[in-house]
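A.B. asks: Dropping the structure in here first, questions after.
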Amino acid sequence: MSSAAAKKVRPKYLSLPAILFQIRLPLPGWVSILHRISGAWLVFPFAAWLLWMLDASLASEQGFSYAKQYLQLPLVKAGLVIFIWAFCHHFCAGIRYLLLDLDIGVGLRTARISSVIVIVAGLALTAFFAARLW
């Protein structure tokens, strides 16, 4: 066996800790990953949770009072804040991606600026709605 064959470069398999802590992902990459995560959260489990609460509140008067008391729990409100963040971030990032599809903001500098705008707008909208919720 030759020394060149022994030193063959093998592919590197990345684990989640390597992606999170070793690779320096640019901000547009983080916006993309958070867009996918927030979209998955909006479908499941949050959609099922909200539909369950809607069903319970519309079933009877006792169900409505139970849902009203349930929504006053701090853990439930924290879950709603996470849901609100997922919706706000997914909405803002979706607008960004629609603009990118129209070739608006494709350059490196404008892509970075729009990524910052998406994150700041998503957090600001979340803070606004969370303040109204609490």
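A.B. asks: Write out, first by first residue and then by second, each pair whose Cβ atoms fall under 7 Å of each other, whose residues are 6+ apart or on separate chains, and whose first residue, in the range 56-84, is under 27 Å from Leu123 (Cβ atoms) while the second is open to solvent by 40 Å² or more (accessible area, probe 1.4 Å) and outside any loop (DSSP other than H, G, I, E, B).
C.D. replies: Once the first residue is under 27 Å from Leu123 (Cβ atoms) and sits in the range 56-84, its partners that are open to solvent by 40 Å² or more (accessible area, probe 1.4 Å) and outside any loop (DSSP other than H, G, I, E, B) give Val76/Tyr70; Lys77/Leu133; Leu80/Leu133; Val81/Leu133; Ile84/Phe129.
A.B. asks: Just to be sure, is Ser65 more than 24 Å from Cys88 (Cα to Cα) and part of a helix (DSSP H, G or I)?
C.D. replies: yes
A.B. asks: Tally up the residues in the range 1-26 that are at pLDDT 75 or above, open to solvent by less than 100 Å² (accessible area, probe 1.4 Å) and under 27 Å from Cys92 (Cα atoms), please.
C.D. replies: So the count comes out to 3.
A.B. asks: What single numbered condition from (1) open to solvent by 40 Å² or more (accessible area, probe 1.4 Å); (2) without any contact (Cβ under 8 Å) to a residue 12 or more places away in the chain fails to hold for Gly29?
C.D. replies: For Gly29, the exception is condition (1).
A.B. asks: Another question, if that's okay. Does the range 53-84 hold any residues that are under 21 Å from Val43 (Cα atoms) and of a type in the set (Lys, Arg), and which are they?
C.D. replies: Residue satisfying the conditions is Lys77 alone.
A.B. asks: Something else about it: Got a number for residues in the range 86-101 being open to solvent by 50 Å² or more (accessible area, probe 1.4 Å) and either touching a Ser or Thr at 6+ places or on another chain (Cβ under 9 Å) or of a type in the set (Phe, Trp, Tyr) (or both)?
C.D. replies: Matching residues across the range 86-101 total 5.
A.B. asks: Kindly indicate whether any position in the range 54-76 is within 23 Å of the chain's Cα centre (by Cα), aromatic (Phe, Trp, Tyr) and closer than 23 Å to Ala131 by Cα.
C.D. replies: no
A.B. asks: Working carefully through the options Leu51, Leu80, find the one that is assigned to a helix (DSSP H, G or I), open to solvent by 90 Å² or more (accessible area, probe 1.4 Å) and within 30 Å of Val31 (Cα to Cα).
C.D. replies: Selected residue: Leu51, the only one of Leu51, Leu80 that is assigned to a helix (DSSP H, G or I), open to solvent by 90 Å² or more (accessible area, probe 1.4 Å) and within 30 Å of Val31 (Cα to Cα).
The values are calculated or read from the model by the stated rules, or taken from the named source; none is laboratory data. Computed from a prediction, not measured in an experiment: that's the story for all the values here. Cβ sites come from the backbone with ideal geometry, for glycine too, and all protein chains shown count toward neighbours. Side chains are part of the model used for accessible areas, which takes the heavy atoms of the whole protein and leaves out ligands, DNA and RNA. Shrake-Rupley method; radii C 1.70, N 1.55, O 1.52, S 1.80 Å.
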